[in-house]
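Engineer: Here you go, one structure.
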Amino acid sequence: MRKFLVLTTLPLLASGCISTVGKIVTAPVKVVSKGVDWATTSQSEADRNYGKKMRKAEEREGRERKEHDKACRKDPANCGPYTGFRAHPGERDPDPTPQD
């Protein structure tokens, strides 16, 4: 009877030990992969950050253009083309006053 009891409980005890050993063995791998995730930026994060940066730049350009337009309405004689901040510096402004 005693042998039967030992033999029936042994697999249950062994499965608990194997599970614990498996967790201990995989723990360093999980820690390293989590560290890599924290240290690197995924493409979606980079895209999100770039989009946020560009929205802020476009908002700034919009505010400055609005101030420029307001100053031009107050004093049109001293108003030239907008030369302030540009969110997309490579783009050229279309000529606001077409020559006929």
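Engineer: What base-10 log of the normalised intensity I(q)/I(0) is obtained for region 28-94 from the Debye formula, alpha carbons as equal point scatterers, at q = 0.14, 0.22 Å⁻¹?
Structural biologist: Results for region 28-94 at q = 0.14, 0.22 Å⁻¹ read -0.61, -0.95.
Engineer: Stretched out fully, how many nm does the piece from residue 91 to residue 47 gain, at 0.36 nm a residue minus the Cα gap?
Structural biologist: This chain segment gains 13.7 nm when fully extended.
Engineer: Something else: Sequence neighbours fewer than 8 away in the same chain don't count; with that in mind, list the lysines whose C-alpha is under 25 Å from residue 30.
Structural biologist: Output for residue 30: empty list, no partners.
Engineer: Using the heavy atoms of the protein chains alone and a 1.4 angstrom probe, what is the accessible area of region 35-90 per residue in square angstrom?
Structural biologist: Computed with neighbouring chains in place, this is 85 Å² per residue.
Engineer: Excluding residues on the same chain fewer than 8 positions from residue 23, give the lysines whose Cα lies under 20 Å from its Cα.
Structural biologist: Within reach: 34.
Engineer: Sticking with this structure for a sec: Send over the per residue convex hull volume for region 51-90, Cα only, as a whole number of Å³.
Structural biologist: 48
The values are calculated or read from the model by the stated rules, or taken from the named source; none is laboratory data. Since this is a predicted model, take the numbers as computed values, not measurements. Just the protein is used for accessible areas: all its heavy atoms, side chains included, with ligands, DNA and RNA removed. Shrake-Rupley method; radii C 1.70, N 1.55, O 1.52, S 1.80 Å.
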